[in-house]
Each structure stands twice: as C-alpha cells, then as structure tokens.
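Below is one structure, written out as structure tokens, with a few remarks after it.
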Amino acid sequence: MVRKKGSLILCGAFLFVAWNALLLLYLWGRPPIGRLGEGVGAEPGGKDEWALGRGKGGRVNLAAEVIRLAEEVEIQLETQKELLKQIESHRAVWARQRDVGKRETEDTKEVKQDVVHQPSTPPLPLKVGVDDVDQAQVKNTPKPVPTVDLHQAIGIKEDIAESNILATSVGNPEVVVPVLVIACDRVTVKRSLDRLIQYRPSAALYPIIVSQDCGHAETARVIGSYGDQVTHIRQPDLSDIRVRPEHRKFQGYYKIARHYHWALNQVFNTFSHSTVVIVEDDLEVAPDFFEYFRALYPILRADPTLWCVSAWNDNGRDALVDPSKAELLYRTDFFPGLGWMLLKEMWNELEPKWPSAFWDDWMRQPEQRKDRSCIRPEISRTITFGRKGVSLGQFFDQYLRYIKLNTEFVPFTKQDLSYLLKEKYDENFKKEIYGTHLVRIEDLQQGGSLRGAAPYRVQYSTRDSFKVFARNLGVMDDLKSGVPRTGYRGVVNFLYRGQRVFLAPPEGWTKYDVSWS
C-alpha cells in the first residue's frame with residue numbers, strides 16, 4: 001500500500017515537470033514580436049496568421065499581443081496550480097493514512113492487552129437467574145470477545161477502571177465461583193456438604209470440589225454418595241513427611257499444608273478457575289453464604305489492598321455482635337480463614353513459597369500480607385463443629401463453639417459495597433474511631449459513670465495492656481505478627497454489654513509491632 005501511494009506521488013511530480021517543459025518549448029517556438037517579412041518566426045501562411053496582431057499601416061499591435069500572451073500564461077499558471085494542489089492533497093492523504101495505520105497498530109496492541117485480556121467477567125454485572133446454565137458449558141466454553149470499533153476500543157480501559165469503582169458491589173452472574181472443601185477422615189463432612197448443596201443457587205456457577213487427604217474409606221463413601229452433585233478428588237501423596245524430631249507431633253500440620261498446596265493447584269491449574277472459596281470439612285455455612293461471596297468478588301478484584309474475603313469473625317460470639325446488623329461488613333488486617341475467597345493471581349504469588357506447615361500463621365506474616373487486608377462480616381457466615389482435629393480443640397471450648405451463625409438472608413448483591421474500598425473506608429474509619437468518647441475500662445465494667453452515648457473507645461498502648469483489656473472485655477487476646485484478631489489499623493471492634501466498643505491504639509497509629517507476637 002505504501003509503495004503504491006509513493007508511485008502516485010512520483011507520477012504526479014513527473015507530469016508537473018513535463019507540462020512545464022512542454023509549455024516552455026511552446027513559448028520558445030513562437031515568433032518574436034516585430035515586423036512581418038523579416039524572415040523570422042512566421043508560421044505557414046504567416047501573413048494571415050498574424051493579421052489579428054497588426055494595427056493600422058500593418059504594424060503589429062504590441063499591447064494586444066502582450067495582453068494575449070499574459071492571459072495564456074495566467075491560464076497555464078492556474079492549470080499548474082490545480083495540478084500542484086492535487087499532488088499536495090494526495091501527499092497529505094497518504095501521510096494521514098500512514099499515521100492512522102501506525103496508531104491503529106499501537107491501539108490494537110493496547111486493546112489486546114487491556115480489553116481482550118481483561119477477566120472474562122465484566123465489572124458491572126447484573127443479577128439474573130442461572131439455574132438452567134449447563135455446568136460443562138460454563139466451565140469449558142470460552143467467552144466470546146465483543147467486536148468494537150477503534151474509537152470505542154480506545155476508551156474501554158478507562159471505562160472499565162471507572163466502572164470498577166462506581167459499581168463494584170454488584171455480583172457478576174457469569175463468573176464461576178467454585179467451593180473447595182478440604183476433607184480428610186471426618187464422616188461428618190456430610191453436614192457441611194448438605195448445607196452447601198441446600199443453599200447454593202446454581203450448581204453450574206458454584207461447583208463443589210471435595211479434595212480428600214488421608215485415604216479414609218468411610219469418608220470417601222460419604223463423599224461418593226453425592227454423585228455428580230460434587231466433584232471428588234483425592235490427594236495422591238499420603239506418605240509421612242520427614243520433619244525435625246521436635247516437630248514429629250506436628251506431622252498433621254505438615255500434611256495439611258501439603259494438601260492445601262496440591263488442592264489449590266488442582267482448582268486453579270487443572271480446573272482453570274479464576275477464584276475459589278475454601279472451606280474445611282467441619283464448617284457449616286449460612287443461608288446467604290453464596291450471596292456474600294458473589295457480591296464481594298468484584299470488590300476483591302477491584303482493590304489491590306485486599307487479598308481475601310472471609311466469612312468468619314473471630315470475635316463473633318453472641319454477646320459480642322449485633323444481631324440486628326447482619327449486613328455490617330468490615331476490613332481487617334488479620335487473616336481470618338474458616339471460609340475464605342482467594343483469587344488465582346494471589347495464588348500465583350503465594351504458591352512458589354508455600355510453607356511446609358502452619359500455613360495459616362504463615363499467611364499472617366508481614367512478608368505475605370504486605371499490608372493488605374481482608375473483608376469480614378459482623379456475624380459469621382460459617383461456624384465450626386469440629387472439635388477434634390490436629391489442633392486438639394485449641395480455642396474451641398473457649399471461643400469457637402460460641403460463634404454465632406447468621407440466619408438472616410442479606411441481599412448483598414443489591415447493595416452498594418463500595419464503602420469497603422480502602423480510600424473511602426479509611427477516611428470514615430478514622431473519624432468514627434477517634435471521634436468517640438474515650439473511657440476507662442473500669443467505667444465500662446461499672447456502667448454507671450459512663451458519659452455520653454456509645455460507641456466508646458478504650459485505649460491501649462502496649463502489648464500487655466492490650467491483652468489485659470481484651471481478656472476483661474471478652475475478646476480474643478492473642479496476636480499474630482503483632483496483629484490482633486479482627487483488628488484493622490490496630491482497632492478491635494465489638495459489642496460489650498450491648499454497647500459498641502473500640503479497643504484502639506492512640507491516634508496516629510502507623511504500623512504493627514511484630515515483637516508483640
């Protein structure tokens with residue numbers, strides 16, 4: 001195309017030069033202005049040819065001849081001017097087309113990177129009925145890429161970024177959100193599976209993958225009894241893991257970490273899912289469990305300062321939560337686990353350095369968390385019924401058995417959850433926490449000397465003061481890498497005797513102290 005356009009320009013230039021050469025030869029061939037009969041320049045029939053140029057007495061009319069020649073020259077100049085305009089217009093058109101071609105190539109590359117490789121789920125989803133979707137089609141059929149013209153494509157990246165912020169609280173009906181059930185030798189996995197199957201709105205959009213370790217035959221039969229309602233996969237490596245002598249009693253924790261690593265690779269690499277909700281075989285879910293994760297998936301994807309969504313509130317005991325506020329959601333710096341959503345991109349970051357044991361505490365280390373947070377609810381969307389396990393019932397009798405499970409269905413996908421995005425959340429959070437009444441713990445416990453309305457703030461400044469206050473107020477007092485359970489910017493939020501209380505560090509808090517662990 002470029003060679004063809006270049007040839008047209010050269011041809012135009014050649015015609016221009018040739019035309020001027022012919023004109024010059026033509027003018028040179030004219031007879032000079034003067035008297036006839038001098039033997040110079042007369043055309044055949046010369047006397048008659050120049051008769052119009054003569055005046056009285058046979059003289060040539062010089063003025064008329066000059067005017068005539070000037071008119072001819074003017075006509076020729078106009079013709080040349082038009083020819084030059086045509087050549088110039090062709091050159092301008094070619095230059096514009098060359099620039100457009102270059103931009104088109106660059107824009108095509110950008111569109112491929114920023115549009116075609118966007119997640120197959122658009123950020124502004126609408127809730128629709130999906131019960132009739134075929135599971136195999138949802139899993140295996142590639143999403144068609146919409147055709148757009150160049151002007152539309154250029155603005156797509158900005159539109160997507162803006163829409164992610166404006167409407168991230170709307171659940172996407174197209175993305176498949178599998179539930180991975182980590183199982184071993186508990187036949188009571190039936191209780192967990194029964195609730196999952198009972199509450200899931202679509203088998204196609206919420207496939208249940210049960211990954212079993214341990215090789216326990218009776219548990220395998222229970223899982224198998226669900227037929228095609230679940231996908232049953234088995235961890236192939238059941239061997240013992242070589243550990244240091246002092247860690248032999250922790251063999252179970254090593255096997256759990258190995259199982260998680262294998263199972264998550266199956267979900268993301270074998271089944272090719274983009275996200276997953278992970279539960280264990282001793283968890284029972286709430287009626288709005290799937291609604292909760294569907295609505296928060298876009299928030300998790302839109303905000304890089306988040307790295308998980310959890311269904312669990314560590315301080316979710318009956319007396320510590322507000323049963324009338326089932327819709328309340330919070331950010332937390334503490335990784336809660338016990339029913340949590342993970343994106344494939346995050347697994348790609350964690351998988352190469354996955355630990356050999358104690359994976360949940362490893363997740364709470366600063367090197368993994370990287371100042372990122374999770375979303376957690378006021379009232380838990382999971383409870384645990386598994387007292388027996390590798391942890392030998394740690395915390396179960398004192399805390400976990402009292403966790404309140406939500407029973408009210410909250411339509412999260414119809415709510416605006418953009419307040420959970422970091423910039424909005426932090427601005428309101430600081431005003432709410434440090435605009436409350438600062439009280440002594442003794443005043444809270446006695447109640448009578450409290451001034452002003454709740455919420456109230458109790459301030460701690462050291463590790464020991466935090467632990468003393470937490471124990472006296474009934475919340476969990478342990479810290480992992482300096483982060484308290486449910487804490488956000490050091491603040492623990494709960495109810496005490498029906499009043500909202502914030503156990504908080506001094507205003508101006510900047511970071512956690514890992515030595516507090």
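The values are calculated or read from the model by the stated rules, or taken from the named source; none is laboratory data. Note that the structure is a prediction, hence the values are computed from the model and not measured. In this analysis, Cβ positions are derived from the backbone assuming ideal geometry, glycine residues included, and neighbour counts consider all displayed protein chains. Note: accessible area is taken over every heavy atom of the protein model, side chains too, but ligands, DNA and RNA are not part of it. Shrake-Rupley method; radii C 1.70, N 1.55, O 1.52, S 1.80 Å.
Between HIS232 and GLU174, what length in nm is gained on full extension when 0.36 nm per residue of separation is reduced by their alpha carbon distance?
On the way: separation 58, 0.36 × 58 = 20.88 nm, distance 2.37 nm.
Extending this stretch completely gives an extra 18.5 nm.
Provide the net charge surrounding GLY490, with neighbours chosen by a C-beta distance below 11 Å and charges set as Lys +1, Arg +1, Asp -1, Glu -1.
That sum, taken over residues with Cβ under 11 Å, equals -1.
Around SER373, which amide H atoms from residues at least 5 apart in sequence, or from another chain, sit under 5 Å from its own amide H, with H modelled in the peptide plane?
Answer set, sorted by chain and number: LEU306, TRP307.
With the other protein chains left in place, how much accessible area per residue, in square angstrom, belongs to the stretch 188-294 at a 1.4 angstrom probe?
Working: 4580 Å² over 107 residues.
Per-residue value: 43 Å².
Take PHE385 and VAL243, extend 7 Å from each Cα along the Cα→Cβ direction, and tell me the distance between the two endpoints in nm.
2.9 nm
Evaluate the distance, in nm, between pseudo-label points positioned 7 Å from the Cα of GLN499 and of SER272 along their respective Cα→Cβ axes.
5.9 nm
Per-residue counts of other Cβ atoms within 10 Å, averaged by peptide: what ranking do you get for 304-317, 250-263, 339-352, 433-446, highest first?
My ranking of the peptides, most packed first, is 304-317, 250-263, 339-352, 433-446.
Suppose the chain between ASP361 and GLU427 were pulled fully straight at 0.36 nm per residue; how much longer would it get relative to their current alpha carbon spacing?
20.8 nm
In the stretch 184-301, what percent of the accessible surface is made up of carbon and sulfur (1.4 Å probe, ligands and nucleic acids excluded)? The partial results should precede the final answer.
Numbers: 2390 of 4910 Å².
Heavy-atom surface of the stretch 184-301 belonging to carbon and sulfur, 1.4 Å probe: 49 percent.
Putting +1 on Lys and Arg Cβ atoms and -1 on Asp and Glu Cβ atoms, find which of LEU350, LEU400, SER373 reaches farthest to the positive end of the dipole of the stretch 346-439.
LEU400
With label points built 7 Å along Cα→Cβ from the Cα atoms of VAL468 and TRP509, find their separation and express it in nm.
Taking the simple label geometry, VAL468 and TRP509 are separated by 1.9 nm.
Computed FRET efficiency, Cβ-Cβ of TYR199 and ASN348, R0 35 Å: what is it to the nearest 0.05?
According to the calculation, E is roughly 0.70.
Quote the FRET efficiency, to the nearest 0.05, computed for PHE409 versus ASP318 with a Förster distance R0 of 22 Å and r equal to the Cβ-Cβ distance.
On the way: r = 19 Å, r/R0 = 0.89.
According to the calculation, E is roughly 0.65.
Once phi is turned into ³J(HN,Hα) by the Karplus curve 6.51 cos²θ - 1.76 cosθ + 1.60 with θ = phi - 60°, what whole-Hz value does each residue of the stretch 471-483 show in order, with x for glycine and proline?
These are the phi-based 3J(HN,Hα) values: 4, 6, 9, x, 9, 5, 9, 7, 10, 10, 6, x, 9 Hz.
Pairs LYS325/LYS467; LYS353/LYS511; LYS325/LYS430; LYS353/LYS480: which exceed 23 Å Cα-Cα? Working shown, then result.
Numbers: LYS325/LYS467 27 Å; LYS353/LYS511 25 Å; LYS325/LYS430 21 Å; LYS353/LYS480 19 Å.
Listed pairs above 23 Å: LYS325/LYS467; LYS353/LYS511.
So who's got an amide H within less than 5 Å of the one on THR231, skipping anything under 5 residues away but keeping other chains? H placed 1.01 Å off N, in plane.
ILE208, ILE209, VAL210
Treating the beta-carbon of each Lys and Arg as +1 and of each Asp and Glu as -1, no other charges, what is the dipole magnitude of the stretch 333-490 about its Cα centre, to the nearest 20 debye?
180 debye
Apply the Karplus parameterisation 6.51 cos²θ - 1.76 cosθ + 1.60, with θ equal to phi minus 60°, to every residue of the stretch 313-322 and state each ³J(HN,Hα) to the nearest whole Hz, in sequence, with x for glycine and proline.
After applying 6.51 cos²θ - 1.76 cosθ + 1.60, I find 10, 4, 9, x, 5, 3, 6, 9, 10, 9 Hz.
Roughly how big is the stretch 340-430's charge dipole about its Cα centre, with Cβ charges of +1 (Lys, Arg) and -1 (Asp, Glu), in debye to the nearest 20?
Dipole magnitude for the stretch 340-430 comes out near 280 debye.
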